[in-house]
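Below you'll find the structure, written out as structure tokens, and then a few comments.
The values are calculated or read from the model by the stated rules, or taken from the named source; none is laboratory data. On a predicted model such as this, the values are computed, not experimentally measured, just so you know. Neighbour counts run over all protein chains shown; Cβ positions are idealised from the backbone, glycine included.
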Amino acid sequence: MTRQQVEALIARREKAQSDHDISGITALYSDDIVVDSPMAGGAIHGRAAVEEVNHAWIAAFPDAAFTREHLVIEGARAVWIGEVRGTDTGGFMGMLPTGKPFRVPMVFVYTVKDGSISHEQRIYDFSGMLIQIGVLKARPL
């Protein structure tokens, strides 16, 4: 894929995420996609698993908004750097909603192949996010 094609693919993913279009997000992944995500507790495989994780995310944080700060493209790899902000109004991981907001820096590392995303690694402070929304308690220093 060309640099412009990779950039267009990531832009379509951003738009689908912004629109909370789960099927639109899922369609951008290859059939044999592997996503490494703290929320999933490791690697998930296949479009159905990606759809499930994205559905859980959007249900828990329906106001979640992703903001891109940088996009670095090198061959078949792209690195999205930005942040996500939202509020736990839908309940997360089976818990009742806390109504608390969060703001988390985030990095997505994509590998693209044949016009779709074949691997995605999500990097963010999952524990910090859980503390912000009040699901996890931390002792003061």
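Points to keep in mind about this one:
- Elements of type helices (runs of 4 or more DSSP H) in region 1-70, at least 2 residues being touching a residue at least 60 places away in the same chain (Cβ under 8 Å): 3-18
- Subset of region 89-119 [in a loop (DSSP other than H, G, I, E, B) and under 26 Å from H45 (Cα atoms)]: G90, G91, F92, M93, G94, M95, D114, G115
- The number of residues in region 39-60 that are under 12 Å from the mean Cα position of the chain (by Cα) and under 19 Å from V104 (Cβ atoms) comes to 7.
- H45 being under 13 Å from V34 (Cα atoms), modelled with pLDDT of 95 or more and not hydroxyl-bearing (S, T, Y): yes
- Residue match in region 59-70 (condition: β-branched (V, I, T) and in contact with a Phe, Trp or Tyr (Cβ under 6 Å, 6 or more places away or on another chain)): no
- Some residue of region 26-41 being at pLDDT 95 or above and among the aromatic types (F, W, Y): yes
- Just one of the listed residues (A76, A56, A65) is within 13 Å of E14 (Cβ to Cβ) and small (G, A, S), namely A65.
- Selection within region 16-51 - within 18 Å of F61 (Cβ to Cβ) and charged (D, E, K, R): D19, D21, E51
- All positions within region 71-88 that are of a type in the set (G, A, S) and either touching a residue at least 60 places away in the same chain (Cβ under 8 Å) or part of a loop (DSSP other than H, G, I, E, B) (or both): G75, A76, A78
- Selection over region 36-51 of residues that are touching a helix residue (DSSP H, G or I) at 6+ places or on another chain (Cβ under 8 Å) and farther than 14 Å from Y124 by Cβ gives a count of 4.
- Residue, modelled with the lowest pLDDT, within region 100-141, restricted to residues that are closer than 23 Å to L71 by Cα and of a type in the set (S, T, Y): Y124
- Residues of region 22-77 satisfying the condition of being among the β-branched types (V, I, T) and closer than 14 Å to F92 by Cα: V53, I58
- Residues satisfying the stated conditions in region 96-132, i.e. among the aliphatic types (A, V, I, L, M) and in contact with a helix residue (DSSP H, G or I) (Cβ under 9 Å, 6 or more places away or on another chain): V104, V112, I117
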